[in-house]
1. Mind listing just one residue for me: the one in segment 8-21 that is under 16 Å from Gln140 (Cα atoms) and open to solvent by less than 60 Å² (accessible area, probe 1.4 Å) and, of those, nearest to the chain's Cα centre (by Cα)?
2. For a quick check of your reading of the model, give me the residue pairs whose first member lies in segment 144-157 and is in contact (Cβ under 8 Å) with a residue 40 or more places away in the chain and more than 14 Å from Leu55 (Cβ to Cβ), whose second is among the small types (Gly, Ala, Ser) and in a loop (DSSP other than H, G, I, E, B), with beta-carbon atoms closer than 8 Å and at least 6 apart or on different chains.
3. Considering only segment 16-71, state which residues are assigned to a helix (DSSP H, G or I) and either without any contact (Cβ under 8 Å) to a residue 12 or more places away in the chain or among the basic types (Lys, Arg) (or both).
4. Just one of Val179, Val172 is surrounded by 12 or more Cβ atoms within 10 Å (Cβ to Cβ), at pLDDT 95 or above and not basic (Lys, Arg); which is it?
5. Here are Thr150, Thr146: which of them is open to solvent by 50 Å² or more (accessible area, probe 1.4 Å), more than 23 Å from Arg4 (Cβ to Cβ) and modelled with pLDDT under 95?
6. Could you grab me the full set of residues in segment 26-47 that are over 20 Å from Ala91 (Cβ atoms), among the polar types (S, T, N, Q) and either open to solvent by 40 Å² or more (accessible area, probe 1.4 Å) or in contact with an Asp or Glu (Cβ under 9 Å, 6 or more places away or on another chain) (or both)?
7. Among what's in segment 72-112 and is small (Gly, Ala, Ser) and not in a loop (DSSP other than H, G, I, E, B), pick the residue that is most open to solvent (accessible area, probe 1.4 Å).
8. Somewhere in segment 126-135, is a residue modelled with pLDDT of 95 or more, under 30 Å from Phe23 (Cα atoms), surrounded by 13 or more Cβ atoms within 10 Å (Cβ to Cβ) and small (Gly, Ala, Ser)?
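The values are calculated or read from the model by the stated rules, or taken from the named source; none is laboratory data. None of the values given here were measured: they were computed from a predicted structure. Note that each Cβ is placed from the backbone with ideal geometry, even for glycine, and that neighbours are counted across all protein chains shown. Heavy atoms of the whole protein, side chains included, go into the accessibility calculation; ligands, DNA and RNA do not. Shrake-Rupley method; radii C 1.70, N 1.55, O 1.52, S 1.80 Å.
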Amino acid sequence: MGLRINDTVPNFTAETDQGTIQFHDWIGDSWAILFSHPKDFTPVCTTEFSAVAQLADEWAARGTKVIGVSVDGVEDHKKWKGDIEKYGNAAAGFPIIADEGLAVSKAFDMLPAEAYLPDGRTPADSATVRSVFIIGPDKQLKLSMTYPMTVGRNFAEILRALDGLQMSSKGVATPANWVPGEDVIIPPTVSNEDAKEKFGEFETIFPYLRKTKAPS
């Protein structure tokens, strides 16, 4: 059974280009995003890591740590970061996990248990290691998504989803295409009386769809 929303994510010890980490300790009291890649020095992944580097201030503003995973080793990660930083014109200050034994990829259900890396492997051997996991300070999985090899991830959407998750932790939901500053949805489980007390004024569109200003 794969990881499901609100499952506690696996804890593990791993080597990164910045040293050894114990995952839950590394997360600490922060939000965290683990984004994985099937191989270093691959074109789409290089553009994605660069996009993450460019968003360093945005992650920090949201109290969120980011960490990469790739199935190559520490020394390759260190060399690859040169390309990442050159392409994105931004420092890649986040760690990258060296998942050569596939332990992390398998723990997060990105690869089947029997998967292995053959000699002369290509990204196709670990293609499903193209996932994003957003994790709360409670170490629970809040969102996951997996992309194919040929489609670069939209990190603006990942940032928007993170905003939505952090907003929903305040007892509301967010509508389609929501961005910070827009109205939010009052959950149907909250009565009109309780909604009035908790949120003040709200708009009733349907009995089950009520909107209010986003709580601060």
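1. Val9
2. If the second residue must be among the small types (Gly, Ala, Ser) and in a loop (DSSP other than H, G, I, E, B), the pairs left are Met149/Ala127.
3. Applying the first criterion (assigned to a helix (DSSP H, G or I)) to segment 16-71 yields 23-27, 43-54, 56-61.
Of everything in segment 16-71, those that are assigned to a helix (DSSP H, G or I) and either without any contact (Cβ under 8 Å) to a residue 12 or more places away in the chain or among the basic types (Lys, Arg) (or both) turn out to be Asp25, Pro43, Asp57, Ala60, Ala61.
4. None of the other options fit; the residue is Val172.
5. On the way: Thr146 fails: more than 23 Å from Arg4 (Cβ to Cβ).
Exactly one residue qualifies, and that residue is Thr150.
6. Ser36
7. Within segment 72-112, the first condition is being small (Gly, Ala, Ser), and the residues that meet it are 73, 82, 88, 90-93, 98, 101, 103, 105, 107.
With the extra rule that they be not in a loop (DSSP other than H, G, I, E, B), the set shrinks to 82, 88, 98, 103, 105, 107.
Details: Gly82: 39, Gly88: 8, Ala98: 22, Ala103: 70, Ser105: 0, Ala107: 47 Å².
It comes out as Ala103.
8. no
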